[in-house]
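J.: The structure under discussion is supplied below as structure tokens; questions concerning it will follow.
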Amino acid sequence: MSGKTVTASPDRNPKHFTYDYTFWSVGEGQGTQAEIFEDIGTPMVSNAVDGFNCTLFAYGQTGSGKSYTMMGGVPTDEGDAGVIPRMISGLFEEKEHPCKEPGSSGLVRISYLEIYKEQVTDLFASLSANKENKGENLKIMVAWTANELGLEGSLASRSMPETREHPKLGVYVKGLYHMPCATKDEVMRNLEYGLKMRTIAATNMNQSSSRSHAVFTIIVNRLEGERPKGKNGKDERKSLSAKINLIDLAGSERTSKAQTENDRLKEGCAINQSLSQLGLVIKMLTEQSNGGLKAPMFRASKLTFLLKDSLAGNSKTCMMATVSPASDPHLHGMKLLSTVVQLSLLGDTAAAEDNYDETVSTLRFASSVKSIKTVAVQNKNKKDQLIDNLQQEMRLLKAQMAAGGLNVAEASEQLKERERLIKDWIFGAPELSLQAAREMSRAREKALEESGLSHGHITEAFGISNGQPYMVNMAFDPMLAGCLIYLIQESKPTTMGANKDNTIVLKGLGMPDFLCRIDVLEAGKTHSA
Ligand SMILES: Nc1ncnc2c1ncn2[C@@H]1O[C@H](COP(=O)(O)OP(=O)(O)OP(=O)(O)O)[C@@H](O)[C@H]1O
Ligand SMILES: [Mg+2]
């Protein structure tokens, strides 16, 4: 690496790639998480506050550092914090204070979804409606919270949301759950909850986070100008809105490496479908920027459909590519990042030729992304225009229906959808108030504890102290290891297994109905049988 240029294999057939930013991950000249945030995250925060949509997506081979750069080390310490937590801090520290209580100058809402085998799962909602039934314990938790808040039904349907497109709104996920948050801590807690949901799903399916794509979205709504004075004062403030999409993609090698067993093959294909489609879409867009006429097939995969606006629409987009080309001595120990691309490299001498090919393919991919141009426009006063537009559509639909020109069932469904969109979060009228969201967080927290899963990180668990025994899940995937903590009750035996009558219900391949029973014999000592 020399400045912003990366040369792959100078002694063989040298290939040069230039990016906007490059960072080494280890040794001399190592780029810190703070520097990466400074270059990539800070401009995104200011852009979002100014009403521009932004996207950051992380692409690269498994283990090359995508999640580390996005989220940070596990357990996280300040210096290790990745782009996402730093961005959240940045948003809440902005002078303009975009993130206050509703009714004041701004509002922040977040959503978190996962795409696995071409299925979208809302990580803030239940997984129980999923046909594959990833976690019985979640069912209990969501039923509990939904009941408590009178939301039964609406939550269950959110767990398998549909992707839709509106000519003016662009692509959106119908029924995706959005959490209004007033503080950085609230965002972080929700994010942690989503990560736990991802861990439970991954554990139950014997998978790791590297097999799914995760999309974390922050929506910022802000009113600019003086608040109206008195009750009858005219509100002439301008509304600004922006969406920040932060995407941690599945390991890119799954697009090329052969999968053998049936399920793996299916899974590989499904992940391939999204990632290879991303490759194709980017190729088409690059060709379009050079006069090519072929239209990219965004709808061919969930990922590209969701990324449509980020890649070809209204968004300032940055791609971060991470590479781990340990087999190449010239790249060894390097971490590099670029505008549309960041590369990170971890020195692992065991890596082989495979890594070289993977690295060059990532470098090439990242380089091609750079030539794509998106057109970001400031989302100013969009709310009123869009509501007018939707209302107009509704009038038209009603007129067509009255004239018998439309199928009644279909038209009523479309009308309902327009009504919902008008009310929906996009327009600053979230279905869930901040208070309801907080109540729900508390309820979920309590339910987590009741199902044997406490809140917090492993470090927090140590803070629980007072001798309470607990178990922590361990996984090969560092993003998922240590994420779930099962508290063991001292007053009664704790049982574990697939049967729903167990204290801790675990699902997954080969899990027996009854796995084990844990008795607390005396404080500080446990015995299992
Ligand atoms: N720059 C870095 N400095 C220190 N540790 C790092 C760095 N980048 C990655 N790591 C560590 O390397 C390991 C693998 O990184 P990470 O989980 O981010 O990879 P990934 O690209 O997300 O892989 P996957 O596709 O499997 O999800 C983790 O333990 C992570 O903490
Ligand atoms: Mg990862």
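The values are calculated or read from the model by the stated rules, or taken from the named source; none is laboratory data. Predicted model only: the values in this text are computed from it and were never measured. Neighbour counts run over all protein chains shown; Cβ positions are idealised from the backbone, glycine included. Just so you know, the surface numbers come from the protein's heavy atoms only, side chains and all, with ligands and any DNA or RNA stripped out. Shrake-Rupley method; radii C 1.70, N 1.55, O 1.52, S 1.80 Å.
J.: Quick one: ranking HIS16, HIS166 by accessible area, 1.4 Å probe, largest first, what do you get?
T.: Working: HIS16 120, HIS166 5 Å².
In descending accessible area the options line up as HIS16, HIS166.
J.: Follow-up question, since we're still on this one. How high is the FRET efficiency between ASP519 and GLU162 when r is their beta carbon distance and R₀ equals 30 Å, given to the nearest 0.05?
T.: On the way: r = 47 Å, r/R0 = 1.55.
Once rounded, the FRET efficiency stands at 0.05.
J.: Say R0 is 35 Å: what FRET efficiency, to the nearest 0.05, do THR42 and GLU419 get from their beta-carbon distance?
T.: 0.35
J.: How much accessible surface does LEU396 have with a 1.4 Å probe, in Å² rounded to 10?
T.: Accessible surface of LEU396 is approximately 110 Å².
J.: Also, I was wondering about something else. Express in nm, to one decimal, how much length is gained between LEU396 and GLU490 on full extension, taking 0.36 nm for each residue of separation and deducting their alpha carbon distance.
T.: Numbers: separation 94, 0.36 × 94 = 33.84 nm, distance 6.38 nm.
Net length gain for the segment: 27.5 nm.
J.: Considering only protein heavy atoms, with the full assembly of protein chains and a 1.4 angstrom probe, order LYS196, LYS380 by accessible area, largest first. Present the calculation step by step, with values, prior to reporting the outcome.
T.: Details: LYS196 5, LYS380 75 Å².
Heavy-atom accessible area, descending, gives LYS380, LYS196.
J.: Using a 7 Å offset from the Cα along the Cα-to-Cβ direction at both VAL375 and ALA295, what is the distance between the two label points in nm, to one decimal?
T.: Spacing of the two 7 Å Cα→Cβ label points: 1.6 nm.
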